[in-house]
Amino acid sequence: MVLGGINTSVVPELDLGIVRLRARIAKSDIFQDSASDEDSDIPSFEVDETAPGEFVLLRHHLQNSEEQADDEGEIIVVLGNAGGDDVDGEMTFALESPDGEVTTETLTVPTSEPLPSGAAQAYTVGSFTFKTAGEWSFTATDGIADVHSAYDETITIESPEE
């Protein structure tokens, strides 16, 4: 079988973790409401099947990519599970304005719908008011075991057009 350009019939099972992840993401509809092709660019991450389940923050984007100052909007985060067990729990995210004002929101992945090992899923984190234009910072403050090396915490909010 050829999956993602890799002939899986000649690749040992242990090396298929990332291939399985990409296949799961390709089958899901987690970005069905997104207007941008870049939303499907989920970075790959390593899965340790012997470790307990743990959340990895992979990326984020605004629900509406055209947010402006004084708009209210939601932030979508993509979380991965880098452990061998399903994972659920609470995590806290902080949005810092260019003026240094910090707003936090809690996200809960329920026990009834845990994130499976090696999977990635998009979740909506709160509703935020972007009071000023500029470079905002969106970070995880609690409940995340790791942040992907390609993660960019910057959210740019434009000034309203006159």
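With a point put 7 Å past each Cα toward its Cβ, work out how far THR103 is from THR124 in nm, to one decimal.
Here the modelled spin labels are 1.5 nm apart.
Report, by chain and number, residues whose modeled amide H sits under 5 Å from the one on ASP86, excluding near sequence neighbours (fewer than 5 apart, same chain).
Correct list: SER117.
If you put +1 on each Lys and Arg Cβ and -1 on each Asp and Glu Cβ, how big is the dipole of the stretch 43-162 around its Cα centre, in Debye rounded to 20? Don't jump to the answer; show the numbers that get you there.
On the way: 2 positive and 27 negative charges, 55 e Å.
Its charge dipole is roughly 260 debye.
Explain nothing, just the number: relative contact order of the stretch 35-162, from Cα pairs under 8 Å at least 6 residues apart, as a whole percent. Before the final figure, lay out the partial values.
On the way: 309 pairs, mean separation 39.8, N = 128.
Value for the stretch 35-162: 31 percent.
Rounded to the nearest 0.05, what FRET efficiency is calculated for ASP86 and SER137 with R0 set to 30 Å and r the Cβ-Cβ distance?
Numbers: r = 30 Å, r/R0 = 1.01.
Efficiency, from the Cβ-Cβ distance: 0.50.
Could you calculate, for the stretch 66-142, the ratio of the Cα radius of gyration to the Kirkwood radius, expressed as Rg to Rh? Walk me through the intermediate numbers first.
On the way: Rg = 14.3 Å, Rh = 13.7 Å.
For the stretch 66-142, the value is 1.05.
What residues have an amide H closer than 5 Å to that of ILE155, excluding those fewer than 5 places away on the same chain, when H is modeled at 1.01 Å from N in the peptide plane?
Distant-sequence amide H within range of ILE155: TRP136, SER137, PHE138.
Sorted by mean Cβ packing within 10 Å, highest first, what order do the peptides 120-126, 149-155, 69-75 take?
Details: 120-126: 18.1, 149-155: 13.1, 69-75: 15.4.
Highest mean packing first, the order is 120-126, 69-75, 149-155.
For a footprinting-style exposure proxy, rank THR106, THR111 by other Cβ within 10 Å, fewest first.
Working: THR106 13, THR111 9.
Lowest count first: THR111, THR106.
How large is ³J(HN,Hα), in whole Hz, for each residue of the stretch 122-138 in order, when computed from phi with the Karplus curve 6.51 cos²θ - 1.76 cosθ + 1.60 and θ = phi - 60°, using x for Gly and Pro?
In residue order, the calculated couplings are 8, 9, 8, 10, x, 10, 10, 9, 8, 6, 9, 6, x, 8, 9, 10, 10 Hz.
Bear in mind that the values in this text are calculations on the coordinates, not laboratory data. Not measured: the values here are computed from a predicted model. When we count neighbours, we look across all protein chains shown, and the Cβ atoms used for this are built from the backbone with ideal geometry, even at glycine.
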